[in-house]
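Novice: Have a look at the structure that comes next, please.
The values are calculated or read from the model by the stated rules, or taken from the named source; none is laboratory data. What you see is a predicted model, and the numbers here were worked out from it, not measured in a lab. Heads up, the Cβs are rebuilt from the backbone with ideal geometry, glycines too, and the neighbour counts pull from every protein chain shown.
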Amino acid sequence: MVQLRNDILRKPLGLSFSPEELEKEKDEILIGAFEDEKMLGCCMLIREDNQTVRLRQMAVLNNLQGKGIGRALMQFAENLARDRGYRRITMHARKTAIGFYEKLGYEVRGEQFSEVTIPHFIMEKSLFGHAAP
């Protein structure tokens, strides 16, 4: 999972994960999509508070993007969060991925900001079908 995230999310930006970053992930909810033994995509959920989880590190192999793997990962993550009692998912979405998340019902909140050297927006979605407070 670290390799996939590094290849898709960090290497193209000339970045890599620090041991400190990876250490912080040991208590997070890690989600992977597999075919046989091969990981096709992944993401993680991090508890923000009793109501909210934050989606991080969404990645799908480049040659498989647009084939529904990201959508399936998102649906699984949303169902898992809902089952655990969370009411909302937030994320720092790359500007290039805004359209993908909007199709899944996420809304941009606030102004563009820079993270890992590229433009991002905060996006969020209520897990109960109405606008998040």
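Novice: Within the range 3-35, work out how many residues are touching a helix residue (DSSP H, G or I) at 6+ places or on another chain (Cβ under 6 Å) and hydroxyl-bearing (Ser, Thr, Tyr).
Specialist: 1
Novice: Okay, moving on. Filter the range 4-22 down to residues that are surrounded by 10 or more Cβ atoms within 10 Å (Cβ to Cβ) and over 21 Å from His120 (Cα atoms), then give me how many there are.
Specialist: Counting residues in the range 4-22 that are surrounded by 10 or more Cβ atoms within 10 Å (Cβ to Cβ) and over 21 Å from His120 (Cα atoms) gives 1.
Novice: Search the range 45-66 for residues being in contact with a strand residue (DSSP E or B) (Cβ under 8 Å, 6 or more places away or on another chain) and over 15 Å from Glu28 (Cα atoms), and hand back the single one that is modelled with the lowest pLDDT.
Specialist: Ranking the candidates gives Leu64 first.
Novice: All but one of (1) modelled with pLDDT of 95 or more; (2) loosely packed, with under 14 Cβ neighbours inside 10 Å hold for Leu40, so report the exception by its number.
Specialist: Result: Leu40 fails condition (2) only.
Novice: I would also like to ask the following. Take residues that are of a type in the set (Lys, Arg) and tell me which of the strands (runs of 3 or more DSSP E) falling wholly in the range 9-75 contain 2 or more.
Specialist: Filter on the range 9-75 gives 38-47, 52-60.
Novice: Return the residue satisfying two criteria in turn: it lies in the range 80-98 and is in a helix (DSSP H, G or I) and under 14 Å from the mean Cα position of the chain (by Cα), and of such residues it is surrounded by the fewest Cβ atoms within 10 Å (Cβ to Cβ).
Specialist: First, the residues of the range 80-98 that are in a helix (DSSP H, G or I): 80-83, 95-98.
Among the residues that remain, those that are also under 14 Å from the mean Cα position of the chain (by Cα) are: 80-81, 95-98.
Values: Leu80: 14, Ala81: 22, Lys95: 13, Thr96: 10, Ala97: 16, Ile98: 17.
Taking the candidates together, the pick is Thr96.
Novice: Step by step: first the residues of the range 56-79, then only those that are small (Gly, Ala, Ser) and over 13 Å from the mean Cα position of the chain (by Cα), then the one that is surrounded by the fewest Cβ atoms within 10 Å (Cβ to Cβ). Which residue is that? Spell out the reasoning first.
Specialist: Our first condition is that a residue be small (Gly, Ala, Ser); within the range 56-79, this holds for 59, 66, 68, 70, 72, 77.
Filter once more, so that each one left must be over 13 Å from the mean Cα position of the chain (by Cα): 66, 68.
Working: Gly66: 10, Gly68: 12.
Applying the filter and picking the extreme gives Gly66.
Novice: Something else: Which pairs have Cβ atoms under 6 Å, sit 6 or more apart or on different chains, and link a residue in the range 97-118 that is more than 13 Å from Gly70 (Cβ to Cβ) to one that is part of a strand (DSSP E or B) and of a type in the set (A, V, I, L, M, F, W, C)?
Specialist: Val108/Phe121; Val108/Met123; Arg109/Ile122; Gly110/Ile122; Gln112/Phe121
Novice: Separate question: Report whether or not Ile8 is over 28 Å from Gly129 (Cβ atoms) and β-branched (Val, Ile, Thr).
Specialist: Judged against the criteria, Ile8 is a match.
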